[in-house]
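The structure appears right after this line, and notes come after that.
No lab work stands behind these numbers, since they all come straight from the coordinates. Keep in mind it's a predicted model, so treat the numbers as computed, not measured. Here Cβ is always computed from backbone atoms with ideal geometry, including for glycine, and neighbour counts include all displayed protein chains.
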Amino acid sequence: MDNSTILMDIAGYSAKRLQPLDAEVLQQLYAQCTEFAYFIDGQPPLSTAARDEFLAVPQTKTTQDKYIFGLFDARNVLLGMIESIRHYPDNQTWWLGLMMLAPEQRGKGLGSKFYKAFERWVAVHGVRQVSLSVVEANEQGLQFWKHMGFEVIRKTPPKQFGNKTHILYVMSRIVNTD
Ligand SMILES: CC(C)(COP(=O)(O)OP(=O)(O)OC[C@H]1O[C@@H](n2cnc3c(N)ncnc32)[C@H](O)[C@@H]1OP(=O)(O)O)[C@@H](O)C(=O)NCCC(=O)NCCS
């Protein structure tokens, strides 16, 4: 299997692993999602947000463990991203740090197709579970993940995000290996 391409079951779209060289195009997506940065961090995305994303890993991980996937349309325009850490927090689990679609691409089924394609890809790579966290205030995000079959495992104490504070729901789902 090509290690960098995710098969999408929807014509006209493709998904693949992004590399640090793609930071400029990813930064444009962050800029399109400025409203989400305000919602989470209370401030617009940094001009280095995309570059920083490739380098941000938990202490026990290296940048080799960071997987950022991009969703592209037929003209190769980046429409969305999934940021993740392989085998974290344990060997059976893939951690999904962020999923974000450009605002005009939301609410028409693309996100669920992109997530399901991502899950098929991680399942092939021997992963049993996907875990993530979603901020309590993100009701639409929470609904989306429930719709994708995730269950709330626990709630965290308040955490600092930029100049905002959020309680998080940690959610998990056993991946579909059919
Ligand atoms: C969350 C996100 C990735 C979902 O992608 P999407 O393409 O908008 O979602 P879909 O259209 O595939 O929706 C799938 C299901 O999720 C739920 N959902 C999605 N958007 C919703 C919304 N705005 N309000 C309520 N439910 C919603 C619905 O139940 C929908 O089911 P339906 O197809 O029966 O209507 C996208 O909306 C996004 O980028 N949001 C901003 C960033 C974010 O909140 N990310 C999640 C936290 S990491």
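At a Förster distance of 22 Å, what's the computed FRET efficiency of Gln143 paired with Asp178, Cβ-Cβ distance as r, to 0.05? Rounded to the nearest 0.05, the efficiency is 0.35. Calculated mean residue ellipticity at 222 nm for the chain: -8000 deg cm²/dmol, from DSSP H runs with n ≥ 4 weighted as -39500 (n - 2.57), summed, divided by the residue count and rounded to 500. Dipole check for the chain: with +1 at the C-beta of Lys and Arg, -1 at the C-beta of Asp and Glu, and the Cα centre as origin, the magnitude is about 300 Debye. Figure legend: label point modelled 7 angstrom from the Cα of Val57 along Cα→Cβ; residues of segment 1-22 with amide N under 14 Å from it are 20. Note on Phe161 and Arg106: the extension gain reaches 17.4 nm, defined as 0.36 nm multiplied by sequence separation minus the Cα-Cα distance. Checking the Cα-Cα distances for Lys16/Lys116; Lys16/Lys61; Lys16/Lys108; Lys116/Lys146; Lys116/Lys159; Lys108/Lys155 against a 25 Å cut-off, the pairs over it are Lys116/Lys159; Lys108/Lys155. GNM on the chain, alpha-carbon springs under 10 angstrom: the most fluctuating residue among Gly97, Gly107, Gly70 is Gly107.
Given their separation in residues at 0.36 nm each and the Cα-Cα distance between them, Asp9 and Leu21 gain 1.6 nm when the chain is fully extended.
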